[in-house]
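Worksheet for the structure shown next.
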Amino acid sequence: MPKHISQEDLESIIEVVATSPNGIGIEKIYLMLEGRITRRTLQRRLALLVEQKSLIKEGRARATHYRLPIINGESKIEEEPDIPTPIARQEVYISLSTSGEECKKAIRKPIQHRRPVGYNRNFLDSYRPNSTFYLTAEIRQQLFEIGRSPEENRIAGTYARQIYNRLLVDLSWNSSRLEGNTYSLLETERLLELGEAAEGKKAMETQMLLNHKDAIELLVEQAVDVGFNRYTILNLHALLSNNLLTDPQACGRLRAVPVLIGGSVFHPLEIPQLIDECFGQILSLASEIEDPFEQAFFAMVHLPYLQPFLDVNKRVSRLAANIPLIRRNLCPLSFLDVPDQAYIDGTVAVYELNKVELLRDVFVWAYQRSCARYSATRQSLGSPDPFRLRYRQQIKDIVAEVVRGCMDKREAAHRIASCSESGIPPSDQPRFIEVVETELSNLHEGNFARYGIRPLEFSNWEKIWR
């Protein structure tokens, strides 16, 4: 029988490592633990934490040291980039409210300066449906006006079915992108439409996107029946986590073991009975909320905060947030263009501070972007995108090259990536690729002339692109 691993030991090691943001060696960790763990046991615990991606191991032999990662999605962890200060200030973000900016500053403090916290049951208990509101009346009305569709009085899911193909690709790609998935938009289209996996991508990334497709199909095809109930949320998790968990039995089941949140001082609930109880309470409260946008945002706040599943909690919350929108024939939320760091910061602010303002800013901004793409009552987002203005000529040139070269989606993805590597600064390359791929996806007979493309060139390319 395997020996029980003390959660207290693991947390003690993480706390010691957190005191040295640039990394710490095993000898210093051993000394700072003051003999509470033997050296051999410490080696095994460090190896386990690295395997769980709760720690990052760097260097070799005597130069080996350990440091904390940062959150990116759920249990998928990415290393914190070593970015010089001038470039760090240019990170892609969104406009924040005053309270959102305060949340950002608080959770951006070094981890050793943030007080460890556990799950605060009162945060959930204090919520009163249709009396407590995370979104103001003004915000809810604004979102309703830009998100409503002509099908609002028709059977649930009518609007989502009309834009299904575009929604399927956008939501699958953006939700997976927030987990660190490296598929491009065009590669995602090819996978979901033709079942063709992109070359050089990990099997896990391909599986993640296919799982999103299955989950979105559930929400749209069963729009009349889905809701904030155990059937819907457990099956959403089962679909989204399919073939991604080490324990297949964990798919669609509430967790019975502790989980760690890398790069955060938040410690989720560990007692299975309480997890089940709070999960039921979340569903009960959510089902009583009348406003669809408040209902959607409530799910984005409380499902990840509880961490009811072994993994894939945020993915579940992002798709669950679409349940009331799809049911009411409102514009869905596809998380289009959402900067991953802004989303992470907003979620961590909920974890550590029980503050929703930063995540609320992200939610509202993301919904406006989605409505600009889908809603029948589209509204302008304001001034032109400065990024598109900066690379206007490069975007125009590569779009024209793809069309004139009659490239299919696979060839186009390779060419766009190659062009971005040779002429675009590394920090702007992901955004540049996304913009070009979006321009190609939106190309039609009424707008191709702006790229200097002739009718015959467009006609020949369109046959291959479909």
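The values are calculated or read from the model by the stated rules, or taken from the named source; none is laboratory data. All values reported here derive from a predicted model rather than from experimental measurement. Every residue, glycine among them, receives a Cβ derived from its backbone with ideal geometry; neighbour counts consider all protein chains shown.
Annotation note: of PRO430, PRO426, PRO455, the sole residue that is surrounded by fewer than 13 Cβ atoms within 10 Å (Cβ to Cβ) and either β-branched (Val, Ile, Thr) or within 26 Å of the chain's Cα centre (by Cα) (or both) is PRO426.
Among the residues of region 452-459, are any at negative phi, modelled with pLDDT under 90, outside the structural domain of LEU186 (by TED's automatic domain parsing) and not in a helix (DSSP H, G or I)? Yes - at least one qualifying residue is present in region 452-459.
Outside the structural domain of ARG431 (by TED's automatic domain parsing), among the hydroxyl-bearing types (Ser, Thr, Tyr), more than 21 Å from GLU294 (Cα to Cα) and in contact (Cβ under 8 Å) with a residue 40 or more places away in the chain: is that true of SER184 in this structure?
yes
Which residue pairs have Cβ atoms closer than 9 Å, lie 6 or more positions apart in sequence or on different chains, and pair a first residue in region 445-463 that is free of Cβ contacts under 8 Å to residues at least 40 places away in the same chain with a second residue that is surrounded by 11 or more Cβ atoms within 10 Å (Cβ to Cβ) and not in a helix (DSSP H, G or I)? What qualifies is GLU462/LEU443; LYS463/CYS406.
Filtering THR206, THR232, THR132 for residues that are among the hydroxyl-bearing types (Ser, Thr, Tyr) and under 20 Å from GLY252 (Cβ atoms) leaves a single hit, THR232.
Restricting the first member to region 197-212 and to residues that are within 17 Å of PHE335 (Cβ to Cβ), and the second to residues that are charged (D, E, K, R), the beta-carbon pairs closer than 8 Å and six or more apart or on different chains are MET208/GLU179; HIS212/ARG315.
Residue count for region 177-200 satisfying the condition of being surrounded by fewer than 23 Cβ atoms within 10 Å (Cβ to Cβ) and either of a type in the set (Gly, Ala, Ser) or touching a strand residue (DSSP E or B) at 6+ places or on another chain (Cβ under 9 Å) (or both): 5. What are the residues in region 301-321 that are aliphatic (A, V, I, L, M) and outside any helix (DSSP H, G or I), if any? Residues satisfying the conditions are LEU310, VAL312, ALA321. Among the conditions (1) outside the structural domain of SER172 (by TED's automatic domain parsing); (2) within 27 Å of PRO332 (Cβ to Cβ); (3) surrounded by 12 or more Cβ atoms within 10 Å (Cβ to Cβ), the only one that ARG369 does not satisfy is (1).
Can you tell me which residue in region 24-56 is modelled with the lowest pLDDT, limited to those that are in a helix (DSSP H, G or I) and acidic (Asp, Glu)? The extreme case among them is GLU51.
Would region 127-135 turn up any residue that is out of contact with any strand residue (DSSP E or B) (no Cβ under 9 Å at 6 or more places or on another chain), closer than 30 Å to PRO308 by Cβ and β-branched (Val, Ile, Thr)?
Looking only at region 127-135, we keep the residues that are out of contact with any strand residue (DSSP E or B) (no Cβ under 9 Å at 6 or more places or on another chain), and these are 127-135.
Now restrict to residues that are closer than 30 Å to PRO308 by Cβ: 127-135.
Next cut, β-branched (Val, Ile, Thr) only: 132.
There is at least one residue in region 127-135 that is out of contact with any strand residue (DSSP E or B) (no Cβ under 9 Å at 6 or more places or on another chain), closer than 30 Å to PRO308 by Cβ and β-branched (Val, Ile, Thr).
Looking across region 323-366, the residues that are in a helix (DSSP H, G or I) and either over 29 Å from ASN122 (Cα atoms) or not assigned by TED's automatic domain parsing to the domain that holds GLU152 (or both) come down to ILE326, ARG327.
Of the residues SER284, SER264, which is among the polar types (S, T, N, Q), under 27 Å from THR132 (Cβ atoms) and in a loop (DSSP other than H, G, I, E, B)?
Just a single option satisfies the conditions, and that option is SER264.
Of the helices (runs of 4 or more DSSP H) that lie entirely inside region 111-227, those containing 2 or more residues that are farther than 29 Å from GLU277 by Cβ span 137-147, 158-162, 164-177, 185-194, 203-221.
Checked across region 245-253, the condition of being under 30 Å from ALA18 (Cα atoms) and either without any contact (Cβ under 8 Å) to a residue 12 or more places away in the chain or polar (S, T, N, Q) (or both) holds for at least one residue. Taken over region 234-251, residues that are among the β-branched types (Val, Ile, Thr) and surrounded by 17 or more Cβ atoms within 10 Å (Cβ to Cβ) amount to 0. Kindly evaluate SER131 against the criterion of being surrounded by fewer than 17 Cβ atoms within 10 Å (Cβ to Cβ), modelled with pLDDT of 95 or more and touching a helix residue (DSSP H, G or I) at 6+ places or on another chain (Cβ under 6 Å). The answer is no for SER131. The condition of being modelled with pLDDT of 95 or more and surrounded by 24 or more Cβ atoms within 10 Å (Cβ to Cβ) holds for only one of LEU353, LEU333, that being LEU333.
In region 352-365, is there at least one residue being touching a strand residue (DSSP E or B) at 6+ places or on another chain (Cβ under 9 Å) and among the aliphatic types (A, V, I, L, M)? Checking region 352-365: at least one residue is touching a strand residue (DSSP E or B) at 6+ places or on another chain (Cβ under 9 Å) and among the aliphatic types (A, V, I, L, M). If you check PHE266 against the conditions, is it within 22 Å of GLN341 (Cα to Cα) and among the aromatic types (Phe, Trp, Tyr)? Yes; evaluated as a whole, the condition is true for this residue.
Inspect region 212-232 for any residue being in contact with an Asp or Glu (Cβ under 9 Å, 6 or more places away or on another chain), under 30 Å from ARG108 (Cα atoms) and surrounded by fewer than 17 Cβ atoms within 10 Å (Cβ to Cβ) and give the result as yes or no. Checked region 212-232: no residue is in contact with an Asp or Glu (Cβ under 9 Å, 6 or more places away or on another chain), under 30 Å from ARG108 (Cα atoms) and surrounded by fewer than 17 Cβ atoms within 10 Å (Cβ to Cβ). If we scan region 188-203, do we find a residue that is within 30 Å of PRO258 (Cβ to Cβ) and either outside the structural domain of ARG415 (by TED's automatic domain parsing) or under 21 Å from the mean Cα position of the chain (by Cα) (or both)? Scanning region 188-203 turns up at least one residue that is within 30 Å of PRO258 (Cβ to Cβ) and either outside the structural domain of ARG415 (by TED's automatic domain parsing) or under 21 Å from the mean Cα position of the chain (by Cα) (or both).
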